[in-house]
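A quick write-up on the structure given underneath.
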Amino acid sequence: MTAEKVFDVAIAGGGIVGAACAWACARRGLTVALVERDVLGSGATAAGMGHIVVMDDSEAQFALTRYAQQLWQQMAPGLPGSAEYEQRGTLWIAADREEMEGAERNAAWYSERSVPCRLLTAAELSKEEPNLAPGFAGGLLMPEDAVVYPPTVALELARRAQELGASLFVGGAIKGLGQACLVLEDGREVHANRIVLALGAESVQLRPDLPIRKRKGHLVITDRHPGFVHHQLVELGYLKSAHNISGDSVAFNVQPRQTGQLLIGSSRQFEEHAAVDQRILSSMLARAALYLPGIASLSAIRVWTGFRASTPDKLPLIGPDRTDPSLLLATGHEGLGITTSVATGELIADMLTDQPSAIAREPYLPARYTHTDRNQKNEEKHEVDWSHAGIDDGV
Ligand SMILES: Cc1cc2nc3c(=O)[nH]c(=O)nc-3n(C[C@H](O)[C@H](O)[C@H](O)COP(=O)(O)OP(=O)(O)OC[C@H]3O[C@@H](n4cnc5c(N)ncnc54)[C@H](O)[C@@H]3O)c2cc1C
(Lines give C-alpha, C1' and ligand atoms only; values in the text may rest on other atoms or scores of the structure.)
Protein backbone atom coordinates (compact mmCIF):
# COMPACT_ATOMS: atom_id res chain seq x y z
CA MET A 1 0.00 0.00 0.00
CA THR A 2 2.64 2.49 1.02
CA ALA A 3 5.77 0.73 -0.17
CA GLU A 4 5.85 2.85 -3.30
CA LYS A 5 4.67 6.17 -1.81
CA VAL A 6 7.29 8.26 -0.05
CA PHE A 7 5.84 10.94 2.23
CA ASP A 8 7.73 14.12 3.10
CA VAL A 9 7.23 13.22 6.75
CA ALA A 10 5.87 10.25 8.68
CA ILE A 11 4.85 10.92 12.26
CA ALA A 12 4.96 8.07 14.76
CA GLY A 13 2.24 8.54 17.40
CA GLY A 14 -1.19 10.13 17.19
CA GLY A 15 -1.32 11.73 20.65
CA ILE A 16 -1.76 15.47 20.85
CA VAL A 17 1.90 16.12 19.99
CA GLY A 18 1.89 13.90 16.88
CA ALA A 19 -1.44 15.35 15.77
CA ALA A 20 -0.18 18.92 16.26
CA CYS A 21 2.94 18.08 14.22
CA ALA A 22 0.77 16.57 11.48
CA TRP A 23 -1.44 19.64 11.26
CA ALA A 24 1.48 22.10 11.28
CA CYS A 25 3.36 20.11 8.59
CA ALA A 26 0.27 19.72 6.40
CA ARG A 27 -0.35 23.47 6.60
CA ARG A 28 3.16 24.02 5.21
CA GLY A 29 2.30 21.88 2.19
CA LEU A 30 4.25 18.77 3.25
CA THR A 31 2.86 15.32 2.49
CA VAL A 32 2.20 13.73 5.87
CA ALA A 33 1.54 10.24 7.27
CA LEU A 34 0.36 9.96 10.87
CA VAL A 35 0.65 6.49 12.40
CA GLU A 36 -1.18 5.53 15.61
CA ARG A 37 -1.52 2.03 17.04
CA ASP A 38 -4.60 2.69 19.15
CA VAL A 39 -7.07 5.55 18.66
CA LEU A 40 -6.02 9.13 17.95
CA GLY A 41 -5.57 11.05 21.20
CA SER A 42 -4.90 8.07 23.41
CA GLY A 43 -1.78 7.61 25.56
CA ALA A 44 -1.01 10.43 27.98
CA THR A 45 -3.25 12.71 25.94
CA ALA A 46 -6.31 10.76 27.10
CA ALA A 47 -4.96 10.56 30.66
CA GLY A 48 -3.94 14.21 31.07
CA MET A 49 -5.69 17.10 32.73
CA GLY A 50 -5.88 19.59 29.87
CA HIS A 51 -4.53 22.58 31.75
CA ILE A 52 -3.03 25.12 29.32
CA VAL A 53 -0.57 26.81 31.62
CA VAL A 54 2.35 29.21 31.50
CA MET A 55 5.22 28.06 33.71
CA ASP A 56 8.30 29.88 34.96
CA ASP A 57 10.68 27.14 35.98
CA SER A 58 13.23 28.35 33.40
CA GLU A 59 13.33 30.94 30.61
CA ALA A 60 13.15 28.08 28.09
CA GLN A 61 10.11 26.53 29.76
CA PHE A 62 8.46 29.93 29.91
CA ALA A 63 9.22 30.71 26.25
CA LEU A 64 7.68 27.43 25.06
CA THR A 65 4.60 27.54 27.32
CA ARG A 66 3.87 31.22 26.61
CA TYR A 67 4.31 30.76 22.85
CA ALA A 68 2.02 27.72 23.07
CA GLN A 69 -0.58 29.58 25.11
CA GLN A 70 -0.74 32.29 22.47
CA LEU A 71 -1.14 29.68 19.73
CA TRP A 72 -4.02 28.13 21.73
CA GLN A 73 -5.64 31.55 21.98
CA GLN A 74 -5.44 31.98 18.20
CA MET A 75 -6.80 28.48 17.64
CA ALA A 76 -9.59 28.62 20.24
CA PRO A 77 -12.34 30.32 18.21
CA GLY A 78 -12.08 27.60 15.54
CA LEU A 79 -12.12 24.63 17.93
CA PRO A 80 -15.29 22.52 18.14
CA GLY A 81 -17.38 22.83 21.31
CA SER A 82 -16.34 19.30 22.26
CA ALA A 83 -12.78 20.61 22.78
CA GLU A 84 -14.20 22.37 25.86
CA TYR A 85 -11.69 25.23 25.62
CA GLU A 86 -12.32 27.69 28.42
CA GLN A 87 -10.06 30.48 29.61
CA ARG A 88 -10.65 29.73 33.27
CA GLY A 89 -7.37 31.14 34.56
CA THR A 90 -5.10 29.49 37.10
CA LEU A 91 -5.23 30.48 40.74
CA TRP A 92 -1.96 29.63 42.46
CA ILE A 93 -2.70 29.44 46.18
CA ALA A 94 -0.24 30.73 48.77
CA ALA A 95 -0.70 28.80 52.02
CA ASP A 96 1.34 31.18 54.17
CA ARG A 97 3.35 34.39 54.14
CA GLU A 98 6.45 32.67 52.76
CA GLU A 99 4.49 31.34 49.77
CA MET A 100 2.88 34.74 49.28
CA GLU A 101 6.34 36.29 48.99
CA GLY A 102 7.03 33.68 46.30
CA ALA A 103 3.79 34.69 44.56
CA GLU A 104 4.90 38.32 44.65
CA ARG A 105 8.23 37.42 43.07
CA ASN A 106 6.42 35.38 40.40
CA ALA A 107 4.05 38.27 39.69
CA ALA A 108 6.99 40.66 39.20
CA TRP A 109 8.72 38.12 36.94
CA TYR A 110 5.61 37.62 34.76
CA SER A 111 4.89 41.36 34.63
CA GLU A 112 8.42 42.02 33.34
CA ARG A 113 7.56 39.61 30.51
CA SER A 114 4.17 41.24 29.82
CA VAL A 115 2.13 38.25 30.99
CA PRO A 116 -1.11 39.37 32.62
CA CYS A 117 -1.32 38.34 36.28
CA ARG A 118 -2.86 39.61 39.52
CA LEU A 119 -1.99 39.11 43.17
CA LEU A 120 -4.98 38.37 45.39
CA THR A 121 -5.25 39.10 49.10
CA ALA A 122 -6.67 36.45 51.42
CA ALA A 123 -10.08 38.15 51.29
CA GLU A 124 -10.01 38.36 47.47
CA LEU A 125 -9.01 34.71 47.26
CA SER A 126 -11.99 33.65 49.40
CA LYS A 127 -14.29 35.78 47.31
CA GLU A 128 -13.05 34.20 44.06
CA GLU A 129 -13.21 30.67 45.49
CA PRO A 130 -15.60 30.45 48.47
CA ASN A 131 -15.11 26.68 48.85
CA LEU A 132 -11.41 27.07 49.71
CA ALA A 133 -10.51 26.45 53.37
CA PRO A 134 -10.05 29.65 55.38
CA GLY A 135 -6.63 30.91 56.40
CA PHE A 136 -4.65 30.99 53.14
CA ALA A 137 -2.37 33.98 52.69
CA GLY A 138 -3.57 34.89 49.18
CA GLY A 139 -2.92 33.88 45.62
CA LEU A 140 -1.66 34.65 42.16
CA LEU A 141 -4.21 34.72 39.35
CA MET A 142 -3.00 33.95 35.82
CA PRO A 143 -6.09 34.90 33.81
CA GLU A 144 -4.87 33.68 30.40
CA ASP A 145 -4.39 30.05 31.46
CA ALA A 146 -7.08 27.77 30.06
CA VAL A 147 -8.63 24.30 30.17
CA VAL A 148 -9.28 21.92 27.25
CA TYR A 149 -10.40 18.34 26.71
CA PRO A 150 -7.20 16.97 25.13
CA PRO A 151 -8.36 13.81 23.27
CA THR A 152 -10.91 15.81 21.29
CA VAL A 153 -8.30 18.39 20.37
CA ALA A 154 -5.94 15.65 19.14
CA LEU A 155 -8.74 14.27 16.97
CA GLU A 156 -9.51 17.74 15.65
CA LEU A 157 -5.87 18.45 14.75
CA ALA A 158 -5.57 15.09 12.98
CA ARG A 159 -8.84 15.79 11.17
CA ARG A 160 -7.52 19.16 10.01
CA ALA A 161 -4.31 17.51 8.81
CA GLN A 162 -6.31 14.90 6.94
CA GLU A 163 -8.41 17.62 5.32
CA LEU A 164 -5.14 19.07 4.00
CA GLY A 165 -4.17 15.71 2.51
CA ALA A 166 -2.46 13.86 5.38
CA SER A 167 -2.82 10.06 5.46
CA LEU A 168 -3.86 8.54 8.78
CA PHE A 169 -2.76 5.00 9.65
CA VAL A 170 -4.85 4.27 12.73
CA GLY A 171 -4.56 0.84 14.31
CA GLY A 172 -1.03 0.38 13.02
CA ALA A 173 1.43 -0.46 15.78
CA ILE A 174 4.98 0.49 14.86
CA LYS A 175 7.51 -2.17 15.71
CA GLY A 176 10.63 -0.43 14.49
CA LEU A 177 12.35 2.41 12.73
CA GLY A 178 13.72 1.32 9.37
CA GLN A 179 15.84 3.20 6.85
CA ALA A 180 13.62 6.28 6.31
CA CYS A 181 10.53 4.27 7.15
CA LEU A 182 8.27 3.10 9.94
CA VAL A 183 7.89 -0.66 10.10
CA LEU A 184 4.49 -1.75 11.35
CA GLU A 185 3.76 -4.95 13.24
CA ASP A 186 1.52 -6.19 10.42
CA GLY A 187 4.44 -5.97 8.00
CA ARG A 188 3.46 -2.71 6.31
CA GLU A 189 6.06 0.00 5.87
CA VAL A 190 5.42 3.74 5.77
CA HIS A 191 8.22 5.44 3.85
CA ALA A 192 9.14 9.09 4.29
CA ASN A 193 12.07 11.45 3.81
CA ARG A 194 11.88 12.43 7.47
CA ILE A 195 10.43 10.64 10.48
CA VAL A 196 9.05 12.40 13.58
CA LEU A 197 9.04 10.32 16.77
CA ALA A 198 6.06 11.44 18.89
CA LEU A 199 5.31 8.40 21.02
CA GLY A 200 5.37 10.24 24.35
CA ALA A 201 6.49 8.02 27.22
CA GLU A 202 6.52 5.06 24.79
CA SER A 203 9.24 6.67 22.66
CA VAL A 204 11.80 4.52 24.46
CA GLN A 205 10.18 1.42 22.94
CA LEU A 206 11.70 2.37 19.60
CA ARG A 207 14.67 4.32 20.96
CA PRO A 208 15.68 2.92 24.35
CA ASP A 209 18.70 5.24 24.38
CA LEU A 210 16.62 8.41 24.79
CA PRO A 211 16.95 10.17 28.17
CA ILE A 212 13.28 9.63 28.99
CA ARG A 213 11.72 8.00 32.05
CA LYS A 214 8.06 7.21 32.61
CA ARG A 215 6.50 9.35 35.30
CA LYS A 216 3.18 8.03 36.50
CA GLY A 217 0.34 10.34 37.54
CA HIS A 218 -3.10 9.70 39.07
CA LEU A 219 -6.29 11.64 38.37
CA VAL A 220 -9.78 11.41 39.89
CA ILE A 221 -12.95 12.75 38.32
CA THR A 222 -16.03 13.57 40.37
CA ASP A 223 -19.71 13.68 39.71
CA ARG A 224 -21.18 16.98 38.43
CA HIS A 225 -20.99 19.90 40.86
CA PRO A 226 -21.17 23.05 38.71
CA GLY A 227 -19.71 26.15 40.34
CA PHE A 228 -17.87 24.29 43.10
CA VAL A 229 -14.64 25.96 41.88
CA HIS A 230 -14.21 28.56 39.15
CA HIS A 231 -10.51 28.48 38.24
CA GLN A 232 -7.86 25.82 37.92
CA LEU A 233 -6.60 25.74 41.50
CA VAL A 234 -2.99 24.77 42.20
CA GLU A 235 -0.94 25.03 45.36
CA LEU A 236 2.15 27.22 45.24
CA GLY A 237 3.89 25.17 47.88
CA TYR A 238 4.55 22.14 45.74
CA LEU A 239 8.23 22.19 46.62
CA LYS A 240 7.65 21.68 50.31
CA SER A 241 8.61 18.23 51.46
CA ALA A 242 5.51 17.71 53.61
CA HIS A 243 3.72 15.98 50.78
CA ASN A 244 6.69 14.04 49.47
CA ILE A 245 6.32 10.34 50.24
CA SER A 246 9.63 8.51 49.86
CA GLY A 247 10.50 10.27 46.59
CA ASP A 248 6.92 10.16 45.29
CA SER A 249 4.98 13.37 45.46
CA VAL A 250 1.48 14.77 45.43
CA ALA A 251 0.29 18.34 45.01
CA PHE A 252 -3.09 20.02 45.24
CA ASN A 253 -4.42 20.63 41.74
CA VAL A 254 -8.15 20.82 40.94
CA GLN A 255 -9.71 21.66 37.61
CA PRO A 256 -13.33 22.60 36.88
CA ARG A 257 -14.61 20.84 33.74
CA GLN A 258 -17.27 22.30 31.49
CA THR A 259 -19.52 19.39 32.47
CA GLY A 260 -19.49 20.61 36.09
CA GLN A 261 -17.20 17.76 37.09
CA LEU A 262 -13.97 18.30 38.99
CA LEU A 263 -10.70 16.75 37.97
CA ILE A 264 -8.49 16.14 41.01
CA GLY A 265 -4.71 15.71 40.78
CA SER A 266 -1.88 15.38 40.95
CA SER A 267 0.78 12.82 41.71
CA ARG A 268 4.25 11.96 40.41
CA GLN A 269 6.10 8.66 40.66
CA PHE A 270 8.95 7.17 38.65
CA GLU A 271 7.02 3.99 38.09
CA GLU A 272 6.17 1.74 35.14
CA HIS A 273 3.04 -0.05 36.41
CA ALA A 274 -0.29 1.48 35.50
CA ALA A 275 -2.19 0.14 38.54
CA VAL A 276 -3.75 2.68 40.91
CA ASP A 277 -1.55 3.11 43.99
CA GLN A 278 -3.95 3.39 46.95
CA ARG A 279 -1.34 5.04 49.15
CA ILE A 280 -0.65 7.82 46.63
CA LEU A 281 -4.34 8.17 45.81
CA SER A 282 -5.29 8.62 49.48
CA SER A 283 -2.51 11.13 49.97
CA MET A 284 -3.59 13.08 46.88
CA LEU A 285 -7.22 13.21 48.01
CA ALA A 286 -6.23 14.18 51.55
CA ARG A 287 -4.22 17.04 50.09
CA ALA A 288 -7.24 18.15 48.02
CA ALA A 289 -9.47 18.08 51.12
CA LEU A 290 -6.96 20.23 52.99
CA TYR A 291 -7.48 23.01 50.45
CA LEU A 292 -11.13 22.30 49.58
CA PRO A 293 -12.72 20.62 52.64
CA GLY A 294 -16.08 20.17 50.87
CA ILE A 295 -14.48 18.01 48.20
CA ALA A 296 -14.45 15.05 50.60
CA SER A 297 -18.24 14.80 50.36
CA LEU A 298 -18.35 14.73 46.52
CA SER A 299 -18.66 11.42 44.67
CA ALA A 300 -15.67 10.29 42.67
CA ILE A 301 -16.75 8.38 39.58
CA ARG A 302 -13.43 7.28 38.10
CA VAL A 303 -9.74 7.08 38.91
CA TRP A 304 -6.99 6.46 36.37
CA THR A 305 -3.27 6.74 35.82
CA GLY A 306 -1.15 7.91 32.92
CA PHE A 307 2.52 8.29 32.06
CA ARG A 308 4.37 11.52 31.47
CA ALA A 309 7.59 11.38 29.42
CA SER A 310 10.11 12.91 31.78
CA THR A 311 13.57 14.26 30.83
CA PRO A 312 16.35 15.14 33.28
CA ASP A 313 16.26 18.89 32.58
CA LYS A 314 12.46 19.13 32.44
CA LEU A 315 12.47 20.32 28.83
CA PRO A 316 11.14 18.34 25.87
CA LEU A 317 13.23 16.90 23.06
CA ILE A 318 12.25 18.75 19.88
CA GLY A 319 14.44 18.45 16.80
CA PRO A 320 16.92 16.26 14.95
CA ASP A 321 18.18 13.14 16.65
CA ARG A 322 21.94 13.16 17.23
CA THR A 323 22.59 9.80 15.65
CA ASP A 324 20.08 9.89 12.80
CA PRO A 325 19.44 13.39 11.42
CA SER A 326 16.57 12.08 9.23
CA LEU A 327 14.75 11.43 12.50
CA LEU A 328 13.22 14.31 14.46
CA LEU A 329 12.16 13.88 18.07
CA ALA A 330 8.98 15.43 19.44
CA THR A 331 8.78 13.86 22.85
CA GLY A 332 9.68 14.29 26.54
CA HIS A 333 6.98 16.84 27.33
CA GLU A 334 6.40 15.58 30.91
CA GLY A 335 3.46 17.40 32.52
CA LEU A 336 3.20 20.14 29.92
CA GLY A 337 2.59 18.28 26.67
CA ILE A 338 -1.01 19.32 26.24
CA THR A 339 0.03 22.95 26.60
CA THR A 340 3.16 22.75 24.48
CA SER A 341 1.87 20.38 21.76
CA VAL A 342 0.88 23.17 19.40
CA ALA A 343 4.22 24.99 19.81
CA THR A 344 6.05 21.70 19.23
CA GLY A 345 4.12 21.23 15.99
CA GLU A 346 5.19 24.68 14.79
CA LEU A 347 8.86 24.13 15.71
CA ILE A 348 8.95 20.76 13.95
CA ALA A 349 7.29 22.20 10.83
CA ASP A 350 9.72 25.16 10.88
CA MET A 351 12.67 22.76 11.01
CA LEU A 352 11.31 20.59 8.22
CA THR A 353 10.73 23.57 5.96
CA ASP A 354 13.93 25.46 6.91
CA GLN A 355 11.99 28.38 8.32
CA PRO A 356 12.96 30.46 11.35
CA SER A 357 10.87 29.92 14.49
CA ALA A 358 9.02 32.36 16.70
CA ILE A 359 11.18 31.32 19.68
CA ALA A 360 14.75 30.07 20.02
CA ARG A 361 14.88 26.33 19.28
CA GLU A 362 18.22 25.53 20.93
CA PRO A 363 17.00 24.79 24.49
CA TYR A 364 14.86 21.91 23.25
CA LEU A 365 17.26 20.36 20.72
CA PRO A 366 18.07 16.71 21.53
CA ALA A 367 21.74 17.54 20.82
CA ARG A 368 22.01 18.87 24.39
CA TYR A 369 22.31 15.25 25.51
CA THR A 370 25.52 13.46 24.68
CA HIS A 371 25.84 9.86 23.59
CA THR A 372 27.38 9.15 26.97
CA ASP A 373 24.30 10.48 28.77
CA ARG A 374 22.12 8.20 26.73
CA ASN A 375 24.26 5.12 27.01
CA GLN A 376 24.55 5.55 30.75
CA LYS A 377 20.78 5.72 31.01
CA ASN A 378 20.41 2.76 28.70
CA GLU A 379 22.72 0.65 30.82
CA GLU A 380 20.63 1.64 33.83
CA LYS A 381 23.59 3.21 35.56
CA HIS A 382 21.28 6.17 36.15
CA GLU A 383 24.16 8.56 35.84
CA VAL A 384 22.02 11.05 33.97
CA ASP A 385 21.23 13.65 36.59
CA TRP A 386 17.52 13.27 37.29
CA SER A 387 17.69 15.27 40.49
CA HIS A 388 16.19 18.33 38.80
CA ALA A 389 13.15 16.46 37.51
CA GLY A 390 11.05 17.67 40.43
CA ILE A 391 7.36 18.09 41.06
CA ASP A 392 7.43 21.44 39.32
CA ASP A 393 7.85 19.88 35.87
CA GLY A 394 4.32 20.77 35.04
CA VAL A 395 1.01 20.55 36.75
C1 LIG B 1 -1.95 12.57 35.04
C2 LIG B 1 -1.46 13.52 33.98
C3 LIG B 1 -1.89 14.84 33.97
C4 LIG B 1 -1.42 15.72 33.00
N5 LIG B 1 -1.91 16.99 32.98
C6 LIG B 1 -1.47 17.86 32.03
C7 LIG B 1 -1.97 19.18 31.97
O8 LIG B 1 -2.86 19.56 32.74
N9 LIG B 1 -1.46 20.04 31.05
C10 LIG B 1 -0.48 19.65 30.16
O11 LIG B 1 -0.03 20.48 29.37
N12 LIG B 1 -0.02 18.38 30.15
C13 LIG B 1 -0.47 17.49 31.07
N14 LIG B 1 0.00 16.21 31.11
C15 LIG B 1 1.05 15.82 30.15
C16 LIG B 1 0.44 15.49 28.81
O17 LIG B 1 -0.68 14.63 28.96
C18 LIG B 1 1.49 14.82 27.93
O19 LIG B 1 2.71 15.55 27.98
C20 LIG B 1 1.01 14.77 26.48
O21 LIG B 1 -0.24 14.15 26.39
C22 LIG B 1 2.03 14.03 25.63
O23 LIG B 1 1.46 13.86 24.36
P24 LIG B 1 2.18 12.93 23.29
O25 LIG B 1 1.40 13.03 22.05
O26 LIG B 1 3.63 13.26 23.29
O27 LIG B 1 2.12 11.48 23.96
P28 LIG B 1 0.87 10.50 24.06
O29 LIG B 1 -0.37 11.24 24.32
O30 LIG B 1 1.26 9.43 25.03
O31 LIG B 1 0.75 9.92 22.60
C32 LIG B 1 1.61 8.93 22.11
C33 LIG B 1 0.80 8.11 21.14
O34 LIG B 1 1.64 7.14 20.56
C35 LIG B 1 0.91 5.94 20.44
N36 LIG B 1 1.85 4.84 20.40
C37 LIG B 1 2.65 4.37 21.39
N38 LIG B 1 3.40 3.36 20.96
C39 LIG B 1 3.08 3.17 19.65
C40 LIG B 1 3.55 2.28 18.65
N41 LIG B 1 4.48 1.35 18.89
N42 LIG B 1 3.01 2.39 17.40
C43 LIG B 1 2.08 3.33 17.11
N44 LIG B 1 1.61 4.20 18.04
C45 LIG B 1 2.10 4.12 19.29
C46 LIG B 1 0.03 5.91 21.69
O47 LIG B 1 -1.09 5.06 21.52
C48 LIG B 1 -0.34 7.36 21.83
O49 LIG B 1 -1.57 7.68 21.20
C50 LIG B 1 -0.47 15.29 32.04
C51 LIG B 1 -0.06 13.96 32.04
C52 LIG B 1 -0.54 13.07 32.99
C53 LIG B 1 -0.10 11.64 32.95
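The values are calculated or read from the model by the stated rules, or taken from the named source; none is laboratory data. Everything numeric in this text was worked out from a predicted model, so none of it was measured. Glycine gets a Cβ as well: all are built from the backbone with ideal geometry, and neighbour counts include every protein chain shown. For accessibility, only protein heavy atoms count, side chains too; no ligands or nucleic acids. Shrake-Rupley method; radii C 1.70, N 1.55, O 1.52, S 1.80 Å.
Could you tell me how many cubic angstrom of Cα convex hull volume the stretch 269-313 has per residue? Provide the component values of the computation, followed by the final result.
Working: hull volume 4.6 nm³, N = 45.
Hull volume over Cα atoms, normalised by residue count, gives 101 Å³.
Using unit Cβ charges (K, R positive; D, E negative) and no other charged atoms, how large, in debye to the nearest 20, is the dipole of the stretch 1-128 about its Cα centre?
For this selection, approximately 520 debye.
So how strong a dipole does the chain carry about its Cα centre when Lys and Arg Cβ are +1 and Asp and Glu Cβ are -1, to the nearest 20 debye?
Value, rounded to 20: 540 debye.
Enumerate the amide H contacts of residue 169 below 5 Å, restricted to partners 5 or more residues apart or on another chain; note that Pro and chain-start residues carry no placed amide H.
Close amide H contacts, sequence-distant or interchain: 34, 35, 36.
What FRET efficiency do you get for residue 259 and residue 163 if R0 is 35 Å and r is their Cβ-Cβ distance, rounded to the nearest 0.05?
Given R0 = 35 Å and the Cβ-Cβ separation, E is 0.80.
Semi-axes, largest first, in whole Å: what does sqrt of 5 times each Cα gyration tensor eigenvalue give for the stretch 170-228?
Over the Cα atoms of the stretch 170-228, the semi-axes work out to 35, 16, 10 Å.
Regarding the stretch 209-351, what is the average projected area of its C-alpha convex hull, in nm²?
Working: hull surface 40.7 nm².
Here the figure is 10.2 nm², rounded to one decimal.
Which of 175/214; 5/314; 127/216 have a Cα-Cα distance over 31 Å?
Among 175/214; 5/314; 127/216, the Cα-Cα distance tops 31 Å for 5/314; 127/216.
Counting pairs of Cα atoms in the stretch 331-373, how many percent are more than 12 Å apart? Show your work: numbers first, answer last.
Values: 592 of 903 pairs.
Result for the distance tail: 66 percent.
Can you tell me what share of the DSSP beta bridges in the chain is antiparallel? A percent to the nearest 5 is fine.
Numbers: 48 of 69 bridges.
Of the beta bridges lying entirely in the chain, close to 70 percent run antiparallel.
Can you tell which of 121, 161, 94 lies farthest toward the positive end of the dipole of the chain, using +1 and -1 charges on the Cβ of basic and acidic side chains (Lys, Arg; Asp, Glu)?
161
Would you grab the residues whose amide H sits under 5 Å from the one on residue 358? Only those 5+ places off in sequence or on another chain, please, with H modelled 1.01 Å from N.
Amide H to amide H, under 5 Å and 5 or more residues apart or across chains, residue 358 pairs with nothing.
Hey, any idea what Rg/Rh is for the stretch 55-116, computing Rh the Kirkwood way over Cα pairs? Numbers along the way, then the final one.
Values: Rg = 14.4 Å, Rh = 13.6 Å.
That ratio equals 1.06.
Output needed for the stretch 42-188: three equivalent-ellipsoid semi-axes, defined as square roots of 5 times the C-alpha gyration tensor eigenvalues, in descending order, whole Å.
After scaling each eigenvalue by five and taking roots: 39, 17, 15 Å.
In terms of the Cα gyration tensor, with a ≥ b ≥ c the square roots of its eigenvalues, is the stretch 68-149 rounded because a/c is under 1.5, prolate because a/b exceeds b/c, or oblate?
oblate
Within the stretch 137-153, find all residues whose amide N lies under 18 Å from a label point positioned 7 Å from the Cα of residue 111 along Cα-to-beta-carbon.
138-144
Once the Cβ-Cβ distance between residue 205 and residue 87 is put in as r, and R0 is 30 Å, what FRET efficiency do you end up with, to the nearest 0.05?
For residue 205 and residue 87, the calculated efficiency is 0.25.
Please check the chain for the longest run free of GluC sites (Glu not before Pro) that are loop-located per DSSP (anything but H, G, I, E, B) and have at most 14 other Cβ atoms within 10 Å.
Details: sites that count: 4, 185, 272, 379, 380, 383.
The reported range is 5-184.
Ignoring everything except DSSP H segments at least 4 long, calculate the 222 nm mean residue ellipticity for the chain; use -39,500 (n - 2.57) per segment, divide by total residues, nearest 500.
-8500 deg cm²/dmol
With all protein chains present, how much of the accessible area of the stretch 144-234 (probe radius 1.4 Å) comes from carbon and sulfur, to the nearest whole percent? Walk me through the numbers on the way to the answer.
Values: 1590 of 3400 Å².
Accessible surface attributable to carbon and sulfur in the stretch 144-234 totals 47 percent.
How many percent of the accessible area of the stretch 1-139 is carbon or sulfur, using a 1.4 Å probe?
The value for the stretch 1-139 is 51 percent carbon and sulfur by accessible area.
Can you give the alpha-carbon Rg of the stretch 114-202 over 2.2 N^0.38 Å, where N counts its residues? Write out the running numbers ahead of the final one.
Details: Rg = 23.1 Å, N = 89, 2.2 N^0.38 = 12.1 Å.
Here the Cα radius of gyration is 1.91 times the empirical estimate.
So what are the three principal axis dimensions of the chain from its Cα atoms, in whole Å, longest to shortest?
Extents along the principal axes: 66, 47, 42 Å.
Report the extension gain between residue 299 and residue 286 in nm, rounded to one decimal, defined as 0.36 nm multiplied by the number of residues separating them, less their alpha carbon distance.
Value of the extension gain: 3.2 nm.
Using r as the Cβ-Cβ distance of residue 361 and residue 96, and R0 as 51 Å, what FRET efficiency do you calculate, to the nearest 0.05?
0.80
Kirkwood-based Rg over Rh for the stretch 289-353 (C-alpha set), two decimals?
Details: Rg = 18.1 Å, Rh = 14.7 Å.
Reported Rg/Rh (Cα atoms, Kirkwood Rh): 1.23.
Calculate the radius of gyration of the Cα atoms of the stretch 1-113 to one decimal place, then report Dmax, the largest Cα-Cα distance, as a whole number, both in Å.
18.7, 66
Which Cα, out of 330, 276, 143, lies furthest along the positive dipole direction of the chain (beta carbon charges, K/R +1, D/E -1)?
Looking along the dipole axis, the top candidate is 276.
Starting from the residue with the highest accessible area, list 353, 370, 222 in decreasing order, probe 1.4 Å. Intermediate results must be reported in sequence, preceding the final value.
Details: 353 35, 370 60, 222 5 Å².
Final ranking, largest accessible area leading: 370, 353, 222.
Given labels modelled 7 Å from the Cα in the Cβ direction, how far is it in nm from residue 353 to residue 278?
With each label point 7 Å from Cα toward Cβ, the separation is 5.4 nm.
Check residue 194: other-chain or 5+ apart residues with amide H under 5 Å from its amide H, H built from backbone geometry?
For residue 194, whose amide H was placed from the backbone, the distant partners under 5 Å are 9, 10.
In Å², and per residue, what accessible area does the chain have when probed at 1.4 Å with the other protein chains present?
39
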